[in-house]
1. Looking at the structure I just gave you, is Tyr84 within 30 Å of Leu274 (Cα to Cα) and out of contact with any Phe, Trp or Tyr (no Cβ under 6 Å at 6 or more places or on another chain)?
2. Can you tell me how many residues within region 309-343 are away from the ligand (no atom under 15 Å from the Cβ) and open to solvent by less than 30 Å² (accessible area, probe 1.4 Å)?
3. Being within 19 Å of Ser323 (Cα to Cα), more than 14 Å from the ligand (Cβ to nearest atom), open to solvent by 50 Å² or more (accessible area, probe 1.4 Å) and in contact with a strand residue (DSSP E or B) (Cβ under 8 Å, 6 or more places away or on another chain) narrows it down to one residue among Arg88, Arg163, Arg145; which is it?
4. Which numbered condition trips up Gly253, out of (1) in contact (Cβ under 8 Å) with a residue 60 or more places away in the chain; (2) on the phi > 0 side of the Ramachandran plot?
5. Of all residues in region 1-42 being modelled with pLDDT of 50 or more, not hydrophobic (A, V, I, L, M, F, W, C) and not in a helix (DSSP H, G or I), which is nearest to Val334 (Cα to Cα)?
6. Within 14 Å of the ligand (Cβ to nearest atom) and surrounded by 23 or more Cβ atoms within 10 Å (Cβ to Cβ): which single residue out of Ala209, Ala182 fits that description?
7. From Arg240, Arg226, Arg215, which residue is among the charged types (D, E, K, R), under 21 Å from the mean Cα position of the chain (by Cα), within 11 Å of the ligand (Cβ to nearest atom) and under 30 Å from Ala330 (Cβ atoms)?
8. For Gly289, state whether it is more than 17 Å from Arg204 (Cβ to Cβ), buried (at least 21 other Cβ atoms within 10 Å of the Cβ) and under 14 Å from the mean Cα position of the chain (by Cα).
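The values are calculated or read from the model by the stated rules, or taken from the named source; none is laboratory data. Note that the coordinates shown come from a computational prediction; the quantities given were computed from them, not determined experimentally. Reconstructed Cβ throughout: ideal geometry from the backbone, glycine too, with neighbour counts over all protein chains shown. Accessible surface areas use protein heavy atoms only, side chains included; no ligands, DNA or RNA. Shrake-Rupley method; radii C 1.70, N 1.55, O 1.52, S 1.80 Å.
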Amino acid sequence: MRKEETASVRRASGGSAAPFDVAVVGGGVAGLSTAVRLLEIGRSVCVLSADPPQKTTSNLAAAVWYPTEFGRQDGVLAWARRAYDVFRELSGTEGSGVVMRETLMLLRTPDEGSPWWAEAIGGVERVGAGDLRSEWGSGYAGGYRFEVPLVEMPVYLPWLLKRFIRSGGVFEERRIESLREAGARAGMVVNCSGIGARELCGDREVRPARGQVVRVENPGLSVSVRDEENPGGRTYIHPRTEDCILGGTFESGNWDTTPDPETARRILARCSELVPELAGARVLEHHVGLRPVRRGGVRLERDPERPATVHNYGHGGAGVTLSWGCAERAVELVESAERELRL
Ligand SMILES: Cc1cc2nc3c(=O)[nH]c(=O)nc-3n(C[C@H](O)[C@H](O)[C@H](O)COP(=O)(O)OP(=O)(O)OC[C@H]3O[C@@H](n4cnc5c(N)ncnc54)[C@H](O)[C@@H]3O)c2cc1C
């Protein structure tokens, strides 16, 4: 959008009772990414969030680029590719918490081709069962090696929030009861409320997929390992700077956010069996997060009944992986709504 147009958008909402051009509901990775992009096209933006970023599901994400439990839903590949590119670039920015991480994905069932998401990251290297045997045992039919962004969320979210505020954004820690309430603050609303969308806009297709992880001291690992088809439960090890995130579970419909000691014991056992250096690693924390899964996939659209509202929620186990792609699409939807509504 040209500068004069930007100014006119500001004037339009400035002339109405609404103090901001756009109110973004949600201060997780979806909300903050969208809010940053909106500021970059010249909008005045406030984020309304019931929780500070460090108390969101986003903060608990492992968080590596990977479209967990998504298939080729419309848009997913493009959104994931875009986030991959943005994070790759951010990995060169000191203090962002983003690094590029080599990953080994172990497969228990033979897979002839490349995974559907491979083209988003420039391809994967196939590894044969024979090459895995000496180090990983004979239980694997093959695997893939690839390099993807790993985002240390406790570093990245504060960095993103600072970027938003330094660029003129306003963050208000406040729960809202309805989208109408957000609409009183701005000409347009973008709903990035994650699992909260179930109540906020009555979307019964949104459900939790409970994820329990264990955070341990990093004994010197630098490669992510995934054994998603482990018969004992999905297993992954994601080394970060100081710690490793060991997972995990994906429990659909389970709202319980209390870590279960037996589940933690089994995660530790599976991960230590896979990577023996982890045996005896000091346990730092146990976490549970509720992934905002939505039947039908991500909701990224203009609300058919509320023309000044755009939804961007339901990213399930891949909210970081889809973040920048979805944020940029949400911004396009805001711009087209503004044009139509002459805001
Ligand atoms: C254990 C675990 C591991 C994961 N690993 C990965 C991974 O490796 N890679 C990956 O891409 N993804 C991963 N995910 C998934 C990822 O965390 C989510 O997809 C992502 O965090 C969703 O982001 P969000 O911003 O939509 O939601 P959230 O982070 O939940 O943020 C929602 C925001 O909305 C606010 N809100 C809700 N209701 C209201 C209301 N009424 N009023 C005001 N504010 C409201 C909340 O306060 C919060 O700020 C993982 C998740 C878990 C649990």
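1. Details: within 30 Å of Leu274 (Cα to Cα): yes; out of contact with any Phe, Trp or Tyr (no Cβ under 6 Å at 6 or more places or on another chain): no.
No.
2. 5
3. Details: Arg163 fails: in contact with a strand residue (DSSP E or B) (Cβ under 8 Å, 6 or more places away or on another chain); Arg145 fails: within 19 Å of Ser323 (Cα to Cα).
It is Arg88.
4. With (1) in contact (Cβ under 8 Å) with a residue 60 or more places away in the chain; (2) on the phi > 0 side of the Ramachandran plot applied to Gly253, the lone miss is (1).
5. Within region 1-42, the first condition is being modelled with pLDDT of 50 or more, and the residues that meet it are 16-42.
Add one more test, that the residue is not hydrophobic (A, V, I, L, M, F, W, C), and what stays is 16, 19, 21, 26-28, 31, 33-34, 37, 40, 42.
Going one step further and asking which of them are not in a helix (DSSP H, G or I), we end up with 16, 19, 21, 26-28, 42.
Working: Ser16: 18, Pro19: 17, Asp21: 10, Gly26: 16, Gly27: 18, Gly28: 19, Gly42: 12 Å.
Within region 1-42, the match that is nearest to Val334 (Cα to Cα) is Asp21.
6. On the way: Ala209 fails: surrounded by 23 or more Cβ atoms within 10 Å (Cβ to Cβ).
Every option except Ala182 fails the conditions.
7. Details: Arg240 fails: within 11 Å of the ligand (Cβ to nearest atom); Arg215 fails: under 30 Å from Ala330 (Cβ atoms).
None of the others qualify; the one that does is Arg226.
8. Values: more than 17 Å from Arg204 (Cβ to Cβ): yes; buried (at least 21 other Cβ atoms within 10 Å of the Cβ): yes; under 14 Å from the mean Cα position of the chain (by Cα): yes.
Taking the combined requirement at face value, the residue satisfies it.
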